[in-house]
Structure formats: structure tokens, C-alpha cells
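A.B. asks: Below: one structure in C-alpha cells.
The values are calculated or read from the model by the stated rules, or taken from the named source; none is laboratory data. These numbers come from a predicted model, not from an experiment. Positions of Cβ are generated from backbone atoms using ideal geometry, with glycine treated the same way; all protein chains shown enter the neighbour counts.
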């Protein structure tokens, strides 16, 4: 598996993503500069967390127009796998690869802490190493993670099975107290209809070693690796 990690001006989780793939998974990883038009043969593209272009206008709004994003959009539209983490999730909604929007946290404060996520599906390219209902632990660090979609649209998103992770407590109960940002329906991560693009606010790349407090982020990265190495359809749609 070869992973391309996009670096925007203001990215600060690109090295975390690179290290998780290169040093923990022992897979190939390469940085992709925002002005590049070459994805370097990546099987997976990661849009990392941070503050791309200083989050001017709104989070992800300027990064969406980087030259590299034209290639990422083509790659995703042709079936290539893309993960947007935190600021990367915001970029994916800005460029239309994922629906909805990320707004200011409900409490209007930056949220930086460990959270729990309930896995809603185990049959996708990003969750095939998980079980339905499995609770994962990983950190969040964001000020604009409040996922929003209109009522009629959120119903369609739910009906299509596009919600992959929800904020929950350690026992898997989806409660308002477990929601760190006010996200509608406790949504922490979604996929596109085709199942090849994932956006999530929590940071799996920061949950890959015991010293970090959790290794649950590897469940997502290892799911992608399985999807890359198994026959089409065998590791999720």
C-alpha cells in the first residue's frame, strides 16, 4: 500500500499521518505538496488535520482551490480512496466530495480531548477490521467540528448508511454528553455514497501506539490496507 499525505500551508498533522503509515504500519508514504499535480501513484490519499491557509474565510475553504485538490477530486471520482481527518474533513465538504458542512463547535470553544466512537458499519473499506457497535477511542482537536446537514438530507444520509462513526460514551451509548461539538445525530465520520471517501473529525493517526493512549486508529488504517490487498468487494464496498 502506498499512501500520499497532502501538505497544505498550515497543516500540522501531516507528519503524524506520515509516521503512522511509514513507521507503525511499515507501508510506503509520501508527502504531496499542495501545489503539486501528481499523486505519486498513491493507493490512499490523506488530507490531514491542521489549519490549512490559516482557516481564513472558513475552515478548508481556501485549501479546496489548491492545485493538488483537482487531482484528489479526479482520484476520488475514479474510485480512489481518500481520508480527510479534521481539517481534511472540512476540505472534503468544501470541495463537494462529501455532503454537509462543519460549523463552529456548539459551545464555541476549541475541543481537545479523548473521545469514544461507535462503529456503525463493518462492511466498508475503512471499517472492515472493526465490528458493528465496536467502540474506538481516539482524540479530537478542533474548533469547527459541528457536523450539520438539513433535516431531509440527514435522513437520506442515514438511510444510505453513510454514517460510519458516532460519538458515544465508553459503553457505546450515543448521548448528548458524549458529543464534543454538537454534531447532528452525534456524527463523527461519514463516507460518500460510493464508499471510497471518508471524512472524520477524530484523529486515527494519533491513536496508533499505546503511549498515545490508544491503538484504535490502526483499525481504520488497517482496514484501508485490507481493502488495497483483497479482491474488490472482499474488504467492503
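A.B. asks: Which number in (1) in contact with a helix residue (DSSP H, G or I) (Cβ under 8 Å, 6 or more places away or on another chain); (2) at pLDDT below 95; (3) under 29 Å from residue 153 (Cβ atoms); (4) surrounded by fewer than 21 Cβ atoms within 10 Å (Cβ to Cβ) marks the one condition that residue 60 misses?
C.D. replies: Tallying (1) in contact with a helix residue (DSSP H, G or I) (Cβ under 8 Å, 6 or more places away or on another chain); (2) at pLDDT below 95; (3) under 29 Å from residue 153 (Cβ atoms); (4) surrounded by fewer than 21 Cβ atoms within 10 Å (Cβ to Cβ), residue 60 fails exactly one: (4).
A.B. asks: Same structure, new question: Report the residue count in region 209-237 for those that are closer than 27 Å to residue 100 by Cβ, modelled with pLDDT of 95 or more and assigned to a loop (DSSP other than H, G, I, E, B).
C.D. replies: 1
A.B. asks: Could you say whether any residue in region 86-100 is closer than 18 Å to residue 208 by Cβ, touching a residue at least 60 places away in the same chain (Cβ under 8 Å), touching a helix residue (DSSP H, G or I) at 6+ places or on another chain (Cβ under 7 Å) and in a loop (DSSP other than H, G, I, E, B)?
C.D. replies: No, every residue in region 86-100 fails to be closer than 18 Å to residue 208 by Cβ, touching a residue at least 60 places away in the same chain (Cβ under 8 Å), touching a helix residue (DSSP H, G or I) at 6+ places or on another chain (Cβ under 7 Å) and in a loop (DSSP other than H, G, I, E, B).
A.B. asks: Scan region 33-57 for residues that are part of a strand (DSSP E or B) and either at pLDDT below 85 or surrounded by fewer than 19 Cβ atoms within 10 Å (Cβ to Cβ) (or both) and report the count.
C.D. replies: 1
A.B. asks: Could you pull out the residue among 172, 199, 143 that is at positive phi and touching a strand residue (DSSP E or B) at 6+ places or on another chain (Cβ under 8 Å)?
C.D. replies: 172
A.B. asks: Counting just the residues of region 9-32 that are out of contact with any helix residue (DSSP H, G or I) (no Cβ under 7 Å at 6 or more places or on another chain) and over 15 Å from residue 218 (Cα atoms), which one comes out surrounded by the most Cβ atoms within 10 Å (Cβ to Cβ)?
C.D. replies: By that ranking, first place goes to 14.
A.B. asks: A further question on this structure: For residue 129, work out the one condition from (1) touching a residue at least 40 places away in the same chain (Cβ under 8 Å); (2) in a loop (DSSP other than H, G, I, E, B); (3) over 18 Å from residue 85 (Cα atoms); (4) in contact with a strand residue (DSSP E or B) (Cβ under 8 Å, 6 or more places away or on another chain) it doesn't fulfil.
C.D. replies: Single failed check for residue 129: (4).
A.B. asks: Condition check: in a loop (DSSP other than H, G, I, E, B) and either farther than 19 Å from residue 196 by Cβ or free of Cβ contacts under 8 Å to residues at least 60 places away in the same chain (or both). Does residue 179 satisfy that?
C.D. replies: The answer is yes for residue 179.
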